[in-house]
Amino acid sequence: EFIKTYANHPVYKAPRGMELHAKSWQTEAPLRMLLNNLDGQVAENPDELVVYGGIGQAARNPESLRKIIELLLELDEYHSLLVQSGKPVGIIRSHPEAPRVLIANSNLVPAWATWDHFNELRAKGLMMYGQMTAGSWIYIGSQGILQGTYETFVECGVQHFNGDLTGKLIVSAGLGGMGGAQPLAATMAGGVFLGADVDETRIQKRLDSQYIDRMTHSYEEAIAWVQEAMEKGETLSVGLVSDAGDMLEKLLHANIVPDMLTDQTSAHDPLNGYIPNGLSMTLASVLRKTDPAEYKRLSLASMARHVGFMLELQKRGAVTFDYGNNLREFARQGGEPNAFNFPGFTPAYIRPLFCEGKGPFRWVALSGDPEDIFATDNALMEAFPENKPLINWLEKAQQKISFQGLPARICWLGMGEREKAGLIFNDLVKTGKVKGPIVIGRDHLDCGSVASPNRETESMMDGSDAVSDWPLLNLMSNTAGGATWVSFHHGGGVGMGYSQHAGMVVLADGTDRAATCLKRVLYNDPAMGIFRHTDAGYDKAKEWAEKFDLKVW
Ligand code: NAD
């Protein structure tokens with residue numbers, strides 16, 4: 001009956017309201033979040049169980065999805081469910097403060113950790129790609145990356161444009177699940193945005209959710225719109241249906257040099273993500289199946305061309321950075337030797353935040369009532385009156401963000417702040433100031449949860465970019481601390497062989513048990529970022545370790 005109502009292909013939907021379907025909120029929470037990941041408003045392609053980020057899935061196949069749902073409906077607080085690459089594989093004995101679900105996605109022994117080997121296993125039905133929050137059931141739609149993108153654009157503005165993006169042109173491509181946050185982040189930061197996507201339906205989705213202002217197939221029309229907005233000093237975002245490289249080539253010919261230039265196509269996956277230049281969507285999906293080797297060759301060559309244009313625009317003055325999709329690496333493989341001549345966004349803009357244990361903290365109202373999120377917004381504004389950027393962000397978010405699926409919020413919080421926020425939320429639930437429990441999680445793109453040498457750990461001070469003991473320690477800390485579900489993935493963001501990362505979600509259901517777990521998890525998790533960056537030699541992290549009396553050696 002439950003499956004008929006909530007997981008009836010092609011309609012997936014998380015239950016709303018206070019009626020429990022599982023035995024407790026500890027299992028109702030992952031159940032709702034799994035289904036929310038697949039909600040048509042949230043997921044990029046629910047038909048294929050794909051949530052975002054190329055082929056990032058929530059469950060391996062429909063049978064596995066069904067089985068996970070059945071098991072979560074029955075699971076009690078003395079057991080935990082094991083999920084291996086989107087398939088339930090066992091139940092272990094545990095206890096009420098232990099995670100209810102333990103998830104491992106897409107992990108391969110290092111010498112076999114390539115897309116080719118992964119794709120073979122995937123074709124045999126043995127694995128799925130979990131991306132970061134797709135397979136760990138804490139994706140909240142484009143909002144999930146919105147504040148990070150906004151902070152990055154604002155910080156780039158501070159470093160290069162005297163803190164004012166009025167009349168400045170931000171150019172990018174890829175308007176999918178995460179990349180689709182760019183247009184709204186750009187206009188929230190005060191700029192003008194032009195972004196290409198080959199797939200018209202992806203831009204349409206951003207129009208529908210009010211993340212982008214306009215769409216066109218005509219380069220000339222797009223340029224006329226953005227130039228007018230720039231002259232008038234107005235904000236505007238335009239999606240152009242086009243290959244990324246083709247759009248940049250036209251900008252170069254017209255000598256229109258963006259102020260800021262980046263990219264969020266699914267470059268991390270040359271076979272199932274990036275669309276080679278010159279191929280229609282239909283042709284691409286045929287070639288992908290009939291001749292994957294040729295598809296990959298074309299894809300790498302297109303990325304080399306694409307990055308070549310970015311390098312030329314950089315020479316002409318565009319502030320250019322990689323936006324976490326491993327485009328530089330695959331362009332290098334495709335024949336562009338200078339692909340790494342522009343920096344990644346982490347060393348350029350984000351690392352100082354990581355040193356404070358800061359990262360993309362997010363939460364979701366399981367009741368489904370938007371008022372619950374507004375209540376949490378208000379509680380945070382009261383709790384952190386001195387944090388003006390946070391208040392500014394929450395006010396903007398309330399005005400501009402339309403929720404996708406269950407109402408949710410994101411904001412970057414650091415050491416101390418996360419624990420405080422978590423306990424406040426638990427009290428809101430306990431005292432009935434919100435209608436239902438809240439789950440708190442984060443992206444795997446966080447201060448102490450990921451090893452990714454072309455992204456989060458690019459150019460670490462001590463050269464420890466590829467050391468992946470850190471995300472494993474993060475996983476173990478969050479398991480020891482009593483997160484409600486934990487995950488360890490490989491290949492998120494940048495693709496197979498290039499990253500390992502851990503995720504956690506913890507429930508605030510108003511109980512004392514939840515308060516105990518929140519205190520531990522929301523202390524340990526950001527502390528991992530401070531440990532990691534202190535160990536790598538960052539003075540700022542050492543300062544924060546002292547400030548919070550963290551034990552580091
Ligand atoms: P997605 O698969 O939902 O969207 C990718 C989009 O790129 C699609 O709409 C696709 O049509 C488009 N595209 C592919 N090839 C193209 C081409 N040649 N020209 C123009 N458009 C093209 O993926 P997503 O969730 O939006 O993520 C995008 C990338 O960003 C991924 O590589 C992901 O790992 C990375 N990412 C970065 C961050 C970050 O913080 N920097 C966060 C999340 C994801």
Residues satisfying the stated conditions in region 118-160, i.e. within 11 Å of the ligand (Cβ to nearest atom) and out of contact with any Pro (no Cβ under 9 Å at 6 or more places or on another chain) = Tyr129, Gln131, Met132, Thr133, Ala134, Tyr139, Gly141, Ser142, Leu146, Thr149, Thr152
Restricting the search to region 185-219, which residues are crowded, with 19+ Cβ neighbours inside 10 Å, among the aliphatic types (A, V, I, L, M) and away from the ligand (no atom under 13 Å from the Cβ)?
-> Ala186, Met188, Ala189, Val192
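Looking at Ile170, is it under 21 Å from the mean Cα position of the chain (by Cα), among the aliphatic types (A, V, I, L, M), within 16 Å of the ligand (Cβ to nearest atom) and under 28 Å from Val50 (Cα atoms)?
no
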Sort out which residues of region 242-260 are surrounded by fewer than 22 Cβ atoms within 10 Å (Cβ to Cβ) and more than 14 Å from the ligand (Cβ to nearest atom), and write them in order of number.
-> Leu252, His253, Ala254, Asn255, Ile256, Val257, Asp259
All but one of (1) within 13 Å of the ligand (Cβ to nearest atom); (2) among the small types (Gly, Ala, Ser); (3) without any contact (Cβ under 8 Å) to a residue 40 or more places away in the chain; (4) crowded, with 19+ Cβ neighbours inside 10 Å hold for Ala222; which doesn't?
-> (1)
Only residues that are of a type outside the set (Phe, Trp, Tyr) and under 30 Å from Lys542 (Cα atoms): list them for region 334-352, please.
-> Pro343, Gly344, Thr346, Pro347, Ala348, Ile350, Arg351, Pro352
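How many residues does region 274-287 contain that are surrounded by fewer than 23 Cβ atoms within 10 Å (Cβ to Cβ), within 12 Å of the ligand (Cβ to nearest atom) and under 26 Å from Gln131 (Cβ atoms)?
6
Matching residues to (1) within 21 Å of Arg100 (Cα to Cα); (2) within 16 Å of the ligand (Cβ to nearest atom):
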{"site": "Lys4", "(1), (2)": "no, no"}
{"site": "Glu19", "(1), (2)": "yes, no"}
{"site": "Met33", "(1), (2)": "yes, no"}
{"site": "Leu38", "(1), (2)": "yes, yes"}
{"site": "Leu49", "(1), (2)": "no, yes"}
{"site": "Ile55", "(1), (2)": "no, yes"}
{"site": "Ala59", "(1), (2)": "yes, no"}
{"site": "Ser64", "(1), (2)": "yes, no"}
{"site": "Ile69", "(1), (2)": "yes, no"}
Please state which of the following conditions Arg122 fails to meet, knowing it meets all the rest: (1) within 25 Å of His489 (Cβ to Cβ); (2) touching a Leu at 6+ places or on another chain (Cβ under 6 Å).
-> (2)
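A short reminder: the numbers here are calculations on the coordinates, not readings from a lab. Source: prediction; values computed, not measured. As a convention, Cβ positions derive from the backbone with ideal geometry for all residues, glycine included, and neighbour counts pool all protein chains shown.
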